Amino acid sequence: MRPNKTQLKFILILGVACLVAGLTILLLGGDQRYGGREFIGWERIDYGIPFLILGFVLTRYSMRKLSLSIGASSASTFVCPKCGTPYEGSGIGQFCPKCKIKLEPLRGFYKRHPEHSSESSEDDE
Ligand SMILES: [Zn+2]
């Protein structure tokens, strides 16, 4: 299962929260404002570092996935609607070198052109 953008943002917030919690334990010995216990000495390391690592992993993971999904939408694959050849492209306005017609974004292409989706479709034109 691939997490969607909302879930990734949630993971990012969770990661930042873990980083903050880890730093709080490490530097301040915990936050006693909410009735939490105080971490003393090595306890700060023992409880703070795992939070920091978890937070770092979560933030890194979600930021990478988020930037990937942003990058994928700006530079994506385009398909020629006539011959069905895919081309890697960065924008609209590219033309198929064979058919000299405008390429279409791959996203949603097979919905708009169901004739390309299966090789075994009958020729009923
Ligand atoms: Zn073509």
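Please treat every number below as a calculation from the coordinates, not as lab data. Model, not experiment: these values are computed from the prediction. A quick note on method: Cβ atoms are made from the backbone with ideal geometry, for glycine too, and the neighbour counts reach across all protein chains shown.
In the frame of its principal axes, segment 77-116 has Cα extents of 22, 19, 12 Å, reported largest first.
Within a straight-line Cα-Cα reach of under 17 Å, K102 can be paired with the following lysines, leaving aside sequence neighbours fewer than 8 residues apart in one chain: K82.
Using a cut-off of 20 Å between alpha-carbon atoms, which lysines can reach K65, once sequence neighbours fewer than 8 places away in the same chain are excluded? Once the sequence-local lysines are set aside, what remains near K65 is K5, K9. Ranking of S67, S76, S62 by neighbouring Cβ atoms within 10 Å, starting from the fewest: S67, S76, S62.
Full extension of the chain between I13 and L54 yields a length gain of 13.5 nm, computed as 0.36 nm times the residue separation minus the alpha carbon distance.
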